[in-house]
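Peer 1: First, the structure itself, so that you have it in front of you.
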Amino acid sequence: MARTTVHERLRRIELLAVQLKQDTHCTVQDLALQHGVSTRTITRDLSLMRDQGMQIDADRGRGGGVRLDRNWGVGRLNLSYAEAVDLLISIAVAEQMQSPIFLASLGSVRRQLVASFSPEKRRQVDRLKSRVMIGATASTFVQAGASAPPQRIVRALHQAFITQTELNIRYQREDGDTSDRDIAPHYLLLKYPIWYVVAFDKLRDGPRVFRCDRILKATGTDSSFRLLPKDAFEPSIAKEDLSLVT
């Protein structure tokens, strides 16, 4: 087993503090499985956290759990780059949708996040934001037949979109017919609350729009693709009343 780096351990301890602060019941074994380490490693992490002054309570006996004292704060928010990017794009989407509720402080949060990035990281985030489009709200008919995509699908699509790599998917059409596709996810389209992926479909040798909740299986690949301009997908998205995330 590869040796854990100092950075990986510090990051794991940060996540442990957040988990233990919540009210859910956690055991050492549960935590070890979630973080992909041994129970001995988790026990050492908890010991180090106690040495740092964190009040960690433990229930003894069969089925006993561990938790961080409710009066203990987890300290400042320390996001990874990927988490910060996700949050920043989510804020941009919320602002673009112009919802009047809970938006008062988003501009300040966005500016603080942007300030924490290097100039090159800011350019990368701007490129990602330019690949997210907002359309008209989905009809009640479409919403009635929609469901949340499984997390495994979301993770695979998210990774392929961020890294500009192709994705193998199994897709189910509205009539129930399924097919396996190799797609390059160029853009994401939100017709609230439904997400679509605007992609180049190798099977059809052209642009296609796929509803994310109809993707039954998704597997990432190592094949990167060159981003095509939005004009190349105009026939597929021409009917949409779109605005771009800025």
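The values are calculated or read from the model by the stated rules, or taken from the named source; none is laboratory data. This one's a predicted model, so the numbers in the text were calculated from it and none came from an experiment. Virtual Cβ from ideal backbone geometry, glycine too; neighbours counted across all protein chains shown.
Peer 1: Got at least one residue in segment 176-186 being crowded, with 17+ Cβ neighbours inside 10 Å and in contact (Cβ under 8 Å) with a residue 60 or more places away in the chain?
Peer 2: The answer is no, given that none of the residues of segment 176-186 is crowded, with 17+ Cβ neighbours inside 10 Å and in contact (Cβ under 8 Å) with a residue 60 or more places away in the chain.
Peer 1: Could you say which residue among 53, 63, 36, 75 is modelled with pLDDT of 80 or more, surrounded by fewer than 14 Cβ atoms within 10 Å (Cβ to Cβ), among the small types (Gly, Ala, Ser) and not assigned by TED's automatic domain parsing to the domain that holds residue 159?
Peer 2: Within the list 53, 63, 36, 75, the selection yields 36.
Peer 1: Moving to a separate point now. Are there any pairs, at least 6 apart or on different chains, whose C-beta atoms fall under 7 Å, with the first in segment 145-158 and farther than 14 Å from residue 190 by Cα and in the same structural domain as residue 194 (by TED's automatic domain parsing) and the second polar (S, T, N, Q) and modelled with pLDDT of 90 or more, and if so, which?
Peer 2: The qualifying pairs are 156/219.
This table checks each residue for (1) more than 19 Å from the chain's Cα centre (by Cα); (2) closer than 28 Å to residue 221 by Cβ; (3) in a loop (DSSP other than H, G, I, E, B).
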site	(1), (2), (3)
88	no, yes, no
93	no, yes, no
114	no, no, no
136	yes, no, yes
152	no, yes, no
161	no, yes, no
171	yes, yes, no
